[in-house]
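Here's the structure, in structure tokens; my notes come after.
The values are calculated or read from the model by the stated rules, or taken from the named source; none is laboratory data. This structure is a prediction, so every number in the text was calculated from the model and none was measured. Neighbour counts are summed over all protein chains in view; Cβ atoms, including those assigned to glycine, are modelled from backbone coordinates with ideal geometry. When the accessible area is computed, the model is the full protein with side chains, heavy atoms only, and any ligands, DNA or RNA have been set aside. Shrake-Rupley method; radii C 1.70, N 1.55, O 1.52, S 1.80 Å.
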Amino acid sequence: MNQYLSGLMTETVNPNTIGIDECSTEEILRLINAEDACIPGAVASEIPNLTQAVDLAYGALKGGGHMFYVGCGTSGRLGVLDASECPPTYGVDPELVQGYIAGGDEALRRAVEGSEDDAEAGARLVRDLGITSQDVLVGITASGAAPYVLGATTEAKRQGAVCIAVVNNHGSKLEGLCDVTVAPVPGPEVIMGSTRMKAGTAQKMVLNMLSTSVMVKLGKVYNNLMVDLQASNQKLYDRSLRIICSTTDATPETAQEYLDRAGGSVKTAIMMLKTGLDREAAQRMLEQNEGRLKWAIDACCRQSGV
């Protein structure tokens, strides 16, 4: 028996849910819900570490690097999910934030046996991706000991990349390899070892906070609006129009006109409406202000003496 694994909080029997197999449906649900209530506090306690992680990731991406999520099982799927939602939400290149799971894309739907135990496969992934000192790798593993993630992190560190751990146990093996560790520990799982539950939920919260905070700092948000979204379907096109209307007091018809004139860019359309600039001048002003809409509007107002 592996002494390291047997000592993990995520492998501990939860005394609060012993006898769950004898409970009624409502009792089962209330037990699960009560345990889930422990998760936000566990995440909140890690905000100081998460702050460091966000600043490191932001620095890497602002400097031209990329962020890579690497995980196994549930952890890997959560990383792929978070990465895949960045382009439509924030209009970033799909290469900017990437997610990888042990066993490859097949493992997104079904378990690929033994893949998480292959440390060399993790190291090979880092080499194949060409991860460098400009990049940041986020290793996600509830136990903090998945060999695939350890292998990837060791190789990324060798290449000089920033390494961040997202784990659910303190003092994990991964922690010693990383620049910063975010370790929300919400206690034993409802079903012993089922880390897709509390641990997985905590990881999802952490990844939401990490990627969202980085995108805010990169200027992808105006107030709390996703002004760099890609209107790839009717819902998002409608949202684009509502964002333009709410920030400029334009009518829906005017919003649609300017969105078309801006080539589908919500940010450019707002810039044009608020400053009177044409498309090229608005885009140039945005580029000069790191893509930050508020900065660009303020700079235009200063130039015009408003």
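Taking region 267-280 as the range and being in a helix (DSSP H, G or I) and open to solvent by 20 Å² or more (accessible area, probe 1.4 Å) as the test, the residues that pass are L273, K274, T275, R279, E280. Residue under question is S84, and the condition is that it be open to solvent by less than 30 Å² (accessible area, probe 1.4 Å), touching a Gly at 6+ places or on another chain (Cβ under 7 Å) and polar (S, T, N, Q); does it hold? No: the conditions fail for S84. Here is the figure for region 31-40: residues that are without any contact (Cβ under 8 Å) to a residue 24 or more places away in the chain and assigned to a helix (DSSP H, G or I) total 2. Could you please find all residues in region 115-150 being open to solvent by less than 40 Å² (accessible area, probe 1.4 Å) and of a type in the set (D, E, K, R)? Correct list: D135 only.
Pairing residues of region 277-294 that are without any contact (Cβ under 8 Å) to a residue 60 or more places away in the chain with residues that are of a type in the set (K, R), at Cβ distances under 7 Å and at least 6 apart in sequence or on separate chains, gives R279/R261; L286/K267.
When region 215-237 is filtered for residues that are more than 20 Å from A83 (Cα to Cα) and open to solvent by less than 70 Å² (accessible area, probe 1.4 Å), the ones remaining, listed by number, are Y222, Y237.
A Cβ distance below 9 Å, combined with a sequence gap of six or more or placement on separate chains, defines the contacts here; from region 48-60, residues that are farther than 13 Å from C178 by Cα reach residues that are of a type in the set (D, E, K, R) and open to solvent by less than 60 Å² (accessible area, probe 1.4 Å) in the pairs A60/D135.
Any residue at all in region 104-114 that's within 30 Å of G264 (Cα to Cα) and β-branched (V, I, T)?
No, every residue in region 104-114 fails to be within 30 Å of G264 (Cα to Cα) and β-branched (V, I, T).
Screening G200 on (1) assigned to a loop (DSSP other than H, G, I, E, B); (2) in contact (Cβ under 8 Å) with a residue 24 or more places away in the chain; (3) closer than 17 Å to R77 by Cβ; (4) small (G, A, S) shows it passes everything except condition (1).
Close Cβ contacts (under 9 Å, 6 or more residues apart or on different chains) running from residues in region 163-183 that are closer than 17 Å to Q52 by Cα and among the basic types (K, R) to residues that are part of a helix (DSSP H, G or I) and open to solvent by less than 10 Å² (accessible area, probe 1.4 Å) are absent. Screening V206, V216 for residues that are assigned to a helix (DSSP H, G or I) and in contact with a strand residue (DSSP E or B) (Cβ under 6 Å, 6 or more places away or on another chain) leaves exactly one candidate, V206.
Per-residue answers, yes or no, for (1) out of contact with any strand residue (DSSP E or B) (no Cβ under 6 Å at 6 or more places or on another chain); (2) open to solvent by 60 Å² or more (accessible area, probe 1.4 Å); (3) not charged (D, E, K, R):
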| position | (1), (2), (3) |
| --- | --- |
| G41 | yes, no, yes |
| I47 | yes, yes, yes |
| Y58 | yes, no, yes |
| V80 | no, no, yes |
| L96 | yes, no, yes |
| G103 | yes, no, yes |
| R110 | yes, yes, no |
| E113 | yes, yes, no |
